[in-house]
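Engineer: Pasting a structure here, questions to come.
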Amino acid sequence: MSTEQHYAVDRIRHRTALLVDDEQRQTLVPTSRLPRDLAEGQVLLVPVDEAGTADWGRARIDEAEGERRRVQAEQAIEELKRRDPGGDVEL
Amino acid sequence: MTGAWRAGVLLAAVAWACSAASPLQVGQVELTFLDVGQGDAILIRSPEGNLALVDAGRAFPAEALQRHGVGDLDLVVATHPHADHIGGMAGVLRALTPRFYLDNGVPHTTSTYAFVMAYLQQSDITYLQATDRSLALGSVTLRILSPPAQAESLNDQSVGIVVEYGEFRALLTGDAETTELEHFLRLGLPDVTVLKASHHGARDGVSPEWLATTRPEIVVVSCGRENAYGHPDAEALELYQAAAQAVYRTDLHSDVTIRGARDGSFRIETGRPAASAGERTVRLAPGQVSVWVAPEDPVERAVVRNHGAESLAVGGWVLCDAVRHCFRFPDTATIPPDDSVIVFSGAGTSDGRRYYMGAPQPVWNDGGDWAIIWDTRGQVVARYEY
């Protein structure tokens, strides 16, 4: 039975995407095997078979998950900013 | 900078050490570019013993930090949230309990980033924004260079840091590319003693204007051996070598430690010399070796050609595609003058002219890929992109 797994696009260099799954595992995949116009920060939903092999050809961009992660991150940043004493700091 | 050859540089030629870092002398700031493979992790130690870590590599650099006797940290900086800079950050935060954390405040969607933010939120670490401000690390000043508010990539929103200790200055810019380097130039920069090659020595991490303003005496490239990106770029290296007195590389020298004094003098130690005793080095003419692949042929193969007039020893050289399917040439492998060898993707018996990667499936991607060859020192000798 196959499942689906999220991979976030950490960065793209030389037509190769570095993808990070939810367990922080990193995978390099040529962009030619992934959806067109893929951009850094987008999140992919990828079918994965029982052996754990990802079917990159059937990967699709999960816009909602990408937005959810961005909003969550922005909220965390705003919360952390409140700890900043501001100005120059003696460490 | 006067351009005078500082006494410390001459000492560097003989001052490499295989063991843990030497004790810090009174009145010196210490920068160590840790050998963490393809990533960045830079340790800054003030004369008073205060410690800051700029980036944390791809994975928690426990061994590298242990080599340098690092206990708790005063400050950790994440220049930008790519995995080769924050992959080890969660481990650093857990194990080394920094009191302050600074990043560029730009969100990312990876689980790596989410783990870091979750840890920060549940900790009592003081978060610092990357505004134009100064941080006092003992008697060392860290001048933060704020990234632009908007950029096309996370690289171009890297935090910049000028490390200042009297006349000794170092400049760290994460993976900033030329767009952000121009932004930093507009902020105003001093000339520096040490320049970290931005973006691991990529061509887009340097410009003649950048070097004309910063005027580094020493350039340090932080990159991994045989990395998939071909860092450092040959053209960038030429620019650095023309501008600076010396270029050090973590892939060749391992840890690079620079101890600077208030008068601007400095001393360098490296984890290993660039070319180990007995290691074979081959000086190649530009374009002497080429590689070409035929991904759509029924029998997939790469062709490696020696355009030179003499036989070329290629033992230990590594041929890889973009996603690290690799083949290492046997120790005795040679390519005759003006001739080629073929590396087939599948299985077979090598005969000195034909080699086999033994891959169970095709290696070279039909829709676009690249082939890259490194020599035994990790230098890129040939590259083919399609």
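Engineer: When the Cα atoms of the protein assembly as shown are enclosed in a convex hull and the volume is divided per residue, what value in Å³ results? Don't jump to the answer; show the numbers that get you there.
Structural biologist: On the way: hull volume 72.0 nm³, N = 477.
Cα convex hull per residue, to the nearest whole number: 151 Å³.
Engineer: By how many nm would the segment from B:E235 to B:E385 grow when fully extended, if each residue of separation counts as 0.36 nm and the alpha-carbon distance is taken off? Numbers along the way, then the final one.
Structural biologist: Working: separation 150, 0.36 × 150 = 54.00 nm, distance 1.68 nm.
My answer for the length gained is 52.3 nm.
Engineer: Another question, then. Rounded to whole Å, give me the distance from the Cα center of segment B:235-265 to that of segment A:1-76.
Structural biologist: Cα centroid to Cα centroid, the span is 37 Å.
Engineer: Moving to a separate point now. Mind running the shape call on segment B:74-192? Use the C-alpha gyration tensor, a ≥ b ≥ c as the square roots of the eigenvalues: rounded below 1.5 for a/c, prolate if a/b tops b/c, oblate otherwise.
Structural biologist: Values: a/c = 2.19, a/b = 1.25, b/c = 1.75.
The shape class here is oblate.
Engineer: Helix B:234-243 sits at what angle to the longest principal axis of chain B, using alpha carbons and giving 0 to 90 degrees rounded to 10?
Structural biologist: 40 degrees
Engineer: Please rank B:C320, B:C326, fewest neighbouring Cβ atoms within 10 Å first, as an exposure proxy. Don't skip to the answer; put the middle values down first.
Structural biologist: On the way: B:C320 19, B:C326 16.
By the 10 Å Cβ count, ascending: B:C326, B:C320.
Engineer: On to the next question. Using the Cα centre of segment B:186-242 as the reference point, and only Cβ charges (+1 on K/R, -1 on D/E), how large is the resulting charge dipole? Debye, rounded to the nearest 20. Let's see the in-between values first.
Structural biologist: Values: 5 positive and 8 negative charges, 37 e Å.
Around 180 debye, computed over segment B:186-242.
Engineer: Suppose every Lys and Arg Cβ carries +1 and every Asp and Glu Cβ carries -1, with no other charges. What dipole size does chain B come out with about its Cα centre, to the nearest 20 debye?
Structural biologist: Details: 29 positive and 46 negative charges, 192 e Å.
For this selection, approximately 920 debye.
Engineer: Of the options B:S254, B:P107, B:P147, report the single residue whose Cα projects farthest towards the positive end of the charge dipole of chain B (beta-carbon charges: Lys, Arg +1; Asp, Glu -1).
Structural biologist: Of the options given, the answer is B:S254.
Engineer: Spin-label point model (7 Å from Cα, Cβ direction): what's the A:Q75 to B:I342 distance in nm?
Structural biologist: Placing both labels 7 Å along Cα→Cβ, they lie 6.0 nm apart.
Engineer: How large is log10 I(q)/I(0) at q = 0.08, 0.10, 0.14 Å⁻¹ when the Debye formula is applied to the Cα atoms of chain B, each weighted equally and without solvent?
Structural biologist: Debye intensities relative to I(0), on a log10 scale: -0.45, -0.68, -1.18.
Engineer: Where does segment B:281-386 land on the Kirkwood hydrodynamic radius, alpha-carbon pairs, in angstrom?
Structural biologist: So the Kirkwood estimate lands at 13.7 Å.
Engineer: Do you know the relative contact order of segment B:233-386, to the nearest whole percent, from alpha carbon pairs under 8 angstrom that are 6+ apart?
Structural biologist: Working: 280 pairs, mean separation 29.5, N = 154.
Over segment B:233-386, the number comes to 19 percent.
Engineer: Another question about this same structure. What net charge do the residues around B:S198 carry, taking every other residue with its C-beta under 11 Å from that of B:S198, with Lys and Arg at +1 and Asp and Glu at -1? Kindly include the intermediate steps, with their values, before the conclusion.
Structural biologist: Numbers: positive: B:K196, B:R203; negative: B:D40, B:D156, B:D175, B:E177, B:E180, B:D204.
Residues close to B:S198 contribute a combined charge of -4.
Engineer: Cut-off 10 angstrom, C-alpha nodes, Gaussian network model of chain B. Which of B:P298, B:P107, B:P98 fluctuates the most?
Structural biologist: Greatest mean-square fluctuation among the candidates belongs to B:P298.
Engineer: Right, another one. Determine the dipole magnitude for the protein assembly as shown: charges of +1 sit on the beta-carbon of Lys and Arg, -1 on that of Asp and Glu, nothing else is charged, the reference point is the Cα centre, and the result goes in debye to the nearest 20. Intermediate results must be reported in sequence, preceding the final value.
Structural biologist: On the way: 43 positive and 66 negative charges, 207 e Å.
Dipole size: approximately 1000 debye.
Engineer: Another one. May I ask you to sort B:S134, B:S46 by Cβ crowding, counting other Cβ atoms within 10 Å and putting the fewest first?
Structural biologist: Details: B:S134 14, B:S46 23.
Ordered by Cβ neighbours within 10 Å, fewest first: B:S134, B:S46.
Engineer: Still on this model: Below 8 Å, C-alpha to C-alpha, sequence gap of six or more: please give me the relative contact order for chain B in percent. Walk me through the intermediate numbers first.
Structural biologist: Values: 930 pairs, mean separation 51.9, N = 386.
Rounded, it is 13 percent for chain B.
Engineer: I would also like to ask the following. Compute the angle between helix A:63-81 and the longest alpha-carbon principal axis of chain A, please, reported from 0 to 90 degrees and rounded to the nearest 10.
Structural biologist: Its long axis makes an angle of about 20 degrees.
Engineer: Still on this structure: Extent of segment A:3-83 along each principal axis, from alpha carbon coordinates, in Å, largest to smallest?
Structural biologist: 44, 30, 21
Engineer: Let me ask something else. Who wins for biggest fluctuation among B:Q361, B:Q288, B:Q28 in a Gaussian network model of chain B, springs between alpha carbons below 10 Å?
Structural biologist: For chain B, modelled as a Gaussian network with Cα springs under 10 Å, the answer is B:Q361.
Engineer: Now, a different point. Please report the spacing between the Cα centers of segment B:316-342 and segment B:98-132 in Å, no decimals.
Structural biologist: After rounding, the separation between the Cα centres reads 43 Å.
Engineer: Tilt of helix B:178-187 relative to the longest C-alpha principal axis of chain B, in degrees (0 to 90, nearest 10)?
Structural biologist: 20 degrees
Engineer: Further, regarding this structure: In which sequence would B:F168, B:F115 go, from the one with the fewest C-beta neighbours within 10 Å to the one with the most?
Structural biologist: Details: B:F168 25, B:F115 17.
By the 10 Å Cβ count, ascending, the order reads B:F115, B:F168.
No value in this document is a laboratory result; all are computed from the given coordinates. As the structure is a computational prediction, the values presented were derived from the model and not from experiment. When we count neighbours, we look across all protein chains shown, and the Cβ atoms used for this are built from the backbone with ideal geometry, even at glycine.
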